[in-house]
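Read-outs: derived from the displayed coordinates by stated rules, not from any lab. As the structure is a prediction and not an experimental result, all values here were calculated from the model. Here the Cβ positions follow ideal geometry from the backbone for every residue, glycine too, while neighbour counts run over all protein chains shown.
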Amino acid sequence: MQSSPPPPPATLLLGALLLAPALGCDDAAPPGQDGGPEAVERPAPVDVLRPPTARWRQVEEFKADLAAPRHPSDGGGSIRLERGLRSIALGTRGTFTLVYTAGPLGIAEGGALYFMPEPFWGWSPPQVVEPRRPGFTRVRTDARDVMLASESLAGAMLIVVVEGRALVEGETITLEYGAGEVGALVDRHAERGARLWVGVDGDGDGVRRMLLDSPTIDVLPGPPARLVATATSVVRPGAGARITIAVLDRGGNVVTDVAGEVRLEVLGDSGWNLRRTVPLPAANHGSVTVELRGAPPGVHRVRAVLDLGARELTTTSNPILVDSGAELVLWGDLHGHSNYSDGTGLPEDYFRYARDVAALDVVCLTDHDHFGVLFLDQRPEMWAEIRAQVTAFHDPGRFVTLLGFEWTSWIHGHRHVVYFEDEGEVISSLDPETETPRQLWDRLRGRQALTFAHHSAGDPIPTNWSFRPDPELEPVTEIMSVHGSSEAADSPSRLRGAVTGNFVRDVLDSGVELGFIGSGDSHDGHPGLPHLSPVYGYSAAGPGGGREHMGTGGVAAILTSDCTRSGVLAALRARRVYATSGPRILLFVDLAGSGMGATVAAADLPASAPLNVRVVGTGPIERLDLIRSGEVLERVSADGAMELATSWALEGLTDGEYLYVRVVQRDGALAWSSPVFVR
């Protein structure tokens, strides 16, 4: 029977469904003096607590859901996958038969099941109208005199309303998802544990709970499409350099069933006579890390070739700089999501990809406090699992894992919170005690923790900069991610929905001192490498000679040799960091002997202050932009060179000024130094 069941009130999941396109990473003047406990915020032209960019409807929906009473029958019963593959290749089609069995309290007449595959990443929306379209779902019951009325909601969820009489304990409802001619399309990303979610509104009031035994499907990667070689960026003469080689499909998923041998050799005439063959055993699950020695001083790039029989996969590593005086660099991605909120894959797999595939030095998983299917601030067992994985993967000196979450304010903008200690709490943006940035910082004060504003200039929600960043807890900002750049109106890869006057450069112009980092905000389970996914804009070089183009993403270059939590925290607090859009571009900047992120006394600078810049690209460099106090002072063409060194003699630097550089490569890759501030 088909009818039109009334839509539920604003409860669990509806806000997530309505906002998924805004998040869709695939298609998402400050007050005070120092921001510390003694800071007094200056009057703003608008109410700082009610910024015009706030998404009040979203906030009201989530608060209504928190306040809504749950009937004991909500979330009752059980669900099982009766027929259908438990593992299936990404982007393919399948049919999945789910059987719901009513629990002791059953489902009242007017109550409903809510069926929704993971809503964000490509599963066919379930529908009951057109058998020839993907996602057609056949619904039936074995209960005599029970009729079912089905309707799609918000383009992603199927509501099945019980009519005629109540469904009683032991009676079943069967959902055959993908029952039509073309089945149902599965996730575009490989992942373990993709959920076919089912929720139950037992009493018919529109309020539901999810079934925690909702079936899971493992989505398998596609065939091998590319090789990635990631090497240590800066090493001292005589020291070894690690190189990690991974086999990926075209979406950036690691292909785990590949075995073979990888040939390594150094490109060009760099003086390093490296020729080596590295086994890639099947037991290594698609990646291998080895140490290379004997590199003389200079810049080296390693070519890697994997012979697959029918064809070869070839790649070139990021540059390896062997230098006795260059600053050492750790690479980090401090912002990303798993399927514990609105991302893909399990937390364990997120950390494993970061270490074994992307070869990051530092990583943090930052699932949303209150966004997705289940909410982290309501599910302590999920937070416990994240903490357990952080602990399991933490390896000081080699691989630093950090505990974190995203404070997901739809009023003041999103910030991720990162703890540099073993324990930490999820602080909810919906809690009246912690619903403003100032309250968040007050809760964190005294902890080894930092916050980072991100996608601050625009979509999915801009940052309310009327709250001046706390200098102790927020010394840097995320300038680049899969959403694009929040740097300035003239930035390449500018994010969508940018608000005039809300760019990071506008904040610097007001006197705030912030360092720059990039991080992924990836939702594909690929920390450190989302810029290699077509979902985020990557395109490979065409067979006719077209140019490879990098997608959006981000990593943080952390200038320290101390690969520990305390070492990373110290570098971030000192703003000894810079940002890239993902590729590991090397960037070195100093102003009269002071490095990036420093605050320099104007009186200590010579009348003509030297600013020295060196860039070692991952591809041909198009140009270098020098930004002085809000203006692009000069653009230097690199004419496609792989390296660039230049200097300026800057006259008349005065109190309140700042300087930074922006690197633009021909393949779309970007880098920004943290500013040097003059005071």
What length, rounded to one decimal in nm, is gained on full extension from Val636 through to Trp56, with 0.36 nm per residue of separation minus their alpha-carbon distance? 204.3 nm
Report the FRET efficiency, 1/(1 + (r/R0)^6), for Thr654 and Ser510, where r is their Cβ-Cβ distance and R0 is 22 Å, rounded to 0.05. 0.85
Which of the GluC sites (Glu not before Pro) across region 483-562 are loop residues per DSSP, with 11 or fewer other Cβ within 10 Å? none
Amide H contacts of Gly193 (H built 1.01 Å from N, under 5 Å, at least 5 apart or other chain): Ile217, Asp218, Val219
A correct Karplus calculation of ³J(HN,Hα) over region 96-109, with 6.51 cos²θ - 1.76 cosθ + 1.60, θ = phi - 60°, whole Hz and x for Gly and Pro, returns 10, 9, 10, 10, 9, 10, 5, x, x, 8, x, 10, 5, 4
Given a Förster distance of 25 Å, the FRET efficiency implied by the Cβ-Cβ spacing of Ala540 and Asp307, rounded to the nearest 0.05, works out to 0.80
Could you state, as a whole-number percent, how many of the C-alpha pairs of region 78-220 are farther apart than 28 Å? 13
What list of ³J(HN,Hα) couplings, whole Hz, do you get for region 222-239 from phi and the Karplus terms 6.51, -1.76, 1.60, once you set θ to phi - 60° and write x for glycine and proline? x, x, x, 10, 7, 10, 10, 10, 10, 10, 4, 7, 10, 9, 7, x, x, 8
Per DSSP H run of at least 4 residues, take -39500 (n - 2.57); add these up for the chain, divide by its residues and hand me the 222 nm value, nearest 500 deg cm²/dmol. -3000 deg cm²/dmol
Rounded to whole angstrom, the alpha-carbon centroid of region 330-367 lies from that of region 641-679 at a distance of 30
Using a Förster distance of 35 Å, the FRET efficiency for Arg86-Ala64 (Cβ separation, nearest 0.05): 0.45
Each label sits 7 Å from Cα toward the beta-carbon; between Asn273 and Arg236 the label points are separated, in nm, by 2.7
If you bin the C-alpha pair distances of region 204-254 every 10 Å from 0, what whole percents do you get? 19, 22, 19, 18, 13, 7, 2, 0
Once you place label points 7 Å from the Cα toward the Cβ at Ser561 and Ala602, how far apart are they in nm? 3.7
How far apart, in nm, are the 7 Å Cα→Cβ label points at Arg623 and Ala154? 4.4
Of region 353-369, those with amide N under 11 Å from the point 7 Å along the Cα→Cβ vector of Arg379 are 368
Shape descriptor, region 247-299: equivalent ellipsoid semi-axes (Cα gyration tensor, sqrt 5λ, whole Å, largest first) stand at 27, 13, 9
log₁₀ of I(q)/I(0) at q = 0.12, 0.17 Å⁻¹ - region 612-670, Debye sum with one point per alpha carbon: -0.30, -0.56
Average the reciprocal distances over every distinct pair of alpha-carbons in region 520-651, invert the result, and give the Kirkwood radius in Å. 17.1
Can you give me the Kirkwood hydrodynamic radius for region 138-294, using every pair of distinct Cα atoms, in Å to one decimal? 20.8
Once phi for every residue in region 550-559 is put through the Karplus expression 6.51 cos²θ - 1.76 cosθ + 1.60 (θ = phi - 60°), the whole-Hz ³J(HN,Hα) values, with Gly and Pro written as x, are 6, x, 7, x, x, 9, 9, 8, 10, 8
